[in-house]
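The values are calculated or read from the model by the stated rules, or taken from the named source; none is laboratory data. Computed from a predicted structure; not experimentally measured. Cβ placement follows ideal geometry from the backbone for every residue including glycine, while neighbour counts extend to all protein chains displayed.
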Amino acid sequence: MTTHTCTSRRAFLKTSLLGGAATLAALRLPSARAAASASPASAGKFTSRVALTAGGDRANLAFQALEPFKNEIAAAIGTKRVILKPNNVITDVPLCASHADNLEGILEFLKSIGKTNVAIAESPAGGSALDGFANYGYNKFAAQYGVKMINMDTDPAGFEVLHCIDEKDFQPHPCRVSKLMLDPNNYIISAAKLKTHDLVGITLSLKNIVVGAGIKDSGAILGRGGAGGGKSDKYLMHGGGAHGINFNLFALSPRLHPHLAVIDGYEGMEGTGPVHGTPVDQKVCVASLDWLAADRVAAELMGVDISKIGYLTYCIQAGDRGEGDLSKIEILGPAIKDCAKTYKLPDGWEKITSWQKPV
């Protein structure tokens, strides 16, 4: 695999304080200005840009991947609060969760562009988000960056009711969704991972936001009620099968999607994801303001045929969610082929891809 020269962690933290131009030069990344000054033929060919970084420092990879978009990101955030949404499926399996170093790189980047009104928010499939934050080492960010930690299940902002279908009846069912993910005054960053998924094939930046936004009652775990008879509306989002979950992810994506996708592939997960898979040593990171383009590139990095992934195929076919045509996505960084690996897919692939056939 081709790797970029990386600074040490100490040098990384030092250079991040030098200012955008100095940092960019130190990290030897193509700038947004350089990308914009490409040949007219290239400029007309591409409709989206995705940054791909590779190297030996996880936090640095995230920082580098975001640098080419710093002016766009700063303008898009403006005075909004930033909601950084990690991918914590459960609270005690580190491989399934967004790594603290990846979040550190994102937070350091936000600090470098003067954006410090940031909260880390999550609703895991099981357990309390605050327990997960402690277990995964996120709490150090509260003091270091002044970040607020939010459990979306109990957040005073409350929820809004959207609707999901269930394969059993194909009728709309009310589903509680955190208002944090819907508030137009919030800027949503999906800190996702390269992971396989035993229901939809792969889970990346979009799924992290959609399913993560569904809330649950205390003690509930997906379909299993809590001690007090509570429920998890994430279970409703899963739609009862391959047709239901893929349609729900697609149907909810216009309102529930990241404004900025950061996908950590330093150590991915293959096999029985999103919790019980095995690690893949890849040492890459992907970032884009076009979440669909980011997920498209991420799938390629995993060696996964995007036409087999239902919800992403639907989003590409809709034509209004982002860019899904790889030939129209400009890659800022090394070539995908130099960083790609072939992930072991989950068992039951025929069932996962059954969305392609009539019910």
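Taking segment 197-213 on its own, how many of its residues are surrounded by fewer than 24 Cβ atoms within 10 Å (Cβ to Cβ) and among the hydroxyl-bearing types (Ser, Thr, Tyr)?
Of the residues in segment 197-213, 0 are surrounded by fewer than 24 Cβ atoms within 10 Å (Cβ to Cβ) and among the hydroxyl-bearing types (Ser, Thr, Tyr).
Are any of the residues in segment 190-202 over 17 Å from the mean Cα position of the chain (by Cα) and in contact (Cβ under 8 Å) with a residue 24 or more places away in the chain?
Here is the first cut: in segment 190-202, the residues over 17 Å from the mean Cα position of the chain (by Cα) are 198-199.
This time we only want the ones that are in contact (Cβ under 8 Å) with a residue 24 or more places away in the chain, so: 198-199.
Looking through segment 190-202, at least one residue is over 17 Å from the mean Cα position of the chain (by Cα) and in contact (Cβ under 8 Å) with a residue 24 or more places away in the chain.
Just one of the numbered conditions (1) crowded, with 20+ Cβ neighbours inside 10 Å; (2) modelled with pLDDT of 55 or more; (3) among the aliphatic types (A, V, I, L, M) is not true of LEU95; which one?
If we test LEU95 against (1) crowded, with 20+ Cβ neighbours inside 10 Å; (2) modelled with pLDDT of 55 or more; (3) among the aliphatic types (A, V, I, L, M), just (1) comes out false.
Of the numbered conditions (1) within 18 Å of ASN88 (Cα to Cα); (2) of a type in the set (D, E, K, R); (3) in contact with a strand residue (DSSP E or B) (Cβ under 6 Å, 6 or more places away or on another chain), LYS283 fails exactly one; give the number of that condition.
(1)
Please enumerate the residues belonging to segment 43-65 that are small (Gly, Ala, Ser) and modelled with pLDDT of 95 or more. It would help to see each step written out before you state the result.
Kept after step one, since they are small (Gly, Ala, Ser), are these residues of segment 43-65: 43-44, 48, 51, 54-56, 59, 62, 65.
Within segment 43-65, SER48, ALA51, ALA54, GLY55, GLY56, ALA59, ALA62, ALA65 qualify.
Give the residue, chosen from ASN151, ASN139, ASN88, that is closer than 30 Å to VAL280 by Cα and in contact with an Asp or Glu (Cβ under 6 Å, 6 or more places away or on another chain).
Details: ASN151 fails: in contact with an Asp or Glu (Cβ under 6 Å, 6 or more places away or on another chain); ASN139 fails: in contact with an Asp or Glu (Cβ under 6 Å, 6 or more places away or on another chain).
Among ASN151, ASN139, ASN88, only ASN88 is closer than 30 Å to VAL280 by Cα and in contact with an Asp or Glu (Cβ under 6 Å, 6 or more places away or on another chain).
Which of the residues belonging to segment 242-291 are buried (at least 22 other Cβ atoms within 10 Å of the Cβ), polar (S, T, N, Q) and not in a strand (DSSP E or B)?
Hits for segment 242-291 are ASN246, ASN248, SER253.
With respect to LYS168, is the statement that it is surrounded by 22 or more Cβ atoms within 10 Å (Cβ to Cβ) and within 25 Å of LYS308 (Cα to Cα) true? Write out each step before concluding.
Details: surrounded by 22 or more Cβ atoms within 10 Å (Cβ to Cβ): no; within 25 Å of LYS308 (Cα to Cα): yes.
Spelling it out, it is not the case that LYS168 is surrounded by 22 or more Cβ atoms within 10 Å (Cβ to Cβ) and within 25 Å of LYS308 (Cα to Cα).
This table checks each residue for (1) surrounded by fewer than 17 Cβ atoms within 10 Å (Cβ to Cβ); (2) touching a residue at least 24 places away in the same chain (Cβ under 8 Å); (3) of a type in the set (A, V, I, L, M).
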residue	(1), (2), (3)
TYR314	no, yes, no
GLU323	no, yes, no
ILE329	no, yes, yes
ASP338	yes, yes, no
GLY348	yes, yes, no
VAL359	yes, yes, yes
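With the checklist (1) touching a strand residue (DSSP E or B) at 6+ places or on another chain (Cβ under 6 Å); (2) more than 21 Å from ASN88 (Cβ to Cβ) in hand, flag the one item ASP320 doesn't pass.
(1)
Do you know which of the residues in segment 231-286 that are aromatic (Phe, Trp, Tyr) and closer than 20 Å to PRO172 by Cβ is modelled with the lowest pLDDT? Can you show your working first?
Looking only at segment 231-286, we keep the residues that are aromatic (Phe, Trp, Tyr), and these are 235, 247, 250, 266.
Going one step further and asking which of them are closer than 20 Å to PRO172 by Cβ, we end up with 235, 247, 250.
Numbers: TYR235: 93, PHE247: 98, PHE250: 98.
Restricting to residues being aromatic (Phe, Trp, Tyr) and closer than 20 Å to PRO172 by Cβ, the top hit is TYR235.
Looking at LEU182, LEU103, LEU107, LEU130, which is the one that is within 20 Å of the chain's Cα centre (by Cα), surrounded by fewer than 23 Cβ atoms within 10 Å (Cβ to Cβ) and within 23 Å of HIS257 (Cβ to Cβ)? Before you say what the answer is, go through the steps one by one.
Values: LEU103 fails: surrounded by fewer than 23 Cβ atoms within 10 Å (Cβ to Cβ); LEU107 fails: surrounded by fewer than 23 Cβ atoms within 10 Å (Cβ to Cβ); LEU130 fails: within 23 Å of HIS257 (Cβ to Cβ).
LEU182 is the lone residue from the list that is within 20 Å of the chain's Cα centre (by Cα), surrounded by fewer than 23 Cβ atoms within 10 Å (Cβ to Cβ) and within 23 Å of HIS257 (Cβ to Cβ).
Checking THR353 against (1) in contact with a strand residue (DSSP E or B) (Cβ under 8 Å, 6 or more places away or on another chain); (2) farther than 26 Å from ASP166 by Cβ: exactly one of these is not met. Which one?
Unmet for THR353, out of (1) in contact with a strand residue (DSSP E or B) (Cβ under 8 Å, 6 or more places away or on another chain); (2) farther than 26 Å from ASP166 by Cβ: (2).
If you go through segment 159-171 one residue at a time, how many are within 15 Å of SER232 (Cα to Cα) and without any contact (Cβ under 8 Å) to a residue 60 or more places away in the chain?
4
Which one of these does THR47 not meet: (1) more than 17 Å from LEU332 (Cβ to Cβ); (2) hydroxyl-bearing (Ser, Thr, Tyr); (3) in contact with a helix residue (DSSP H, G or I) (Cβ under 6 Å, 6 or more places away or on another chain)?
(1)
Restricting segment 233-268 to residues that are out of contact with any Phe, Trp or Tyr (no Cβ under 8 Å at 6 or more places or on another chain) and hydrophobic (A, V, I, L, M, F, W, C), which is nearest to GLN356 (Cα to Cα)?
Residue satisfying both the conditions and the ranking: ALA251.
Within segment 316-359, take every residue that is under 20 Å from the mean Cα position of the chain (by Cα) and basic (Lys, Arg) and give me the one that is nearest to PHE250 (Cα to Cα).
ARG321
Residues that are at pLDDT 95 or above and within 18 Å of LEU84 (Cβ to Cβ), at least 3 per element: which strands (runs of 3 or more DSSP E) completely within segment 139-194 meet that?
It comes to 148-151.
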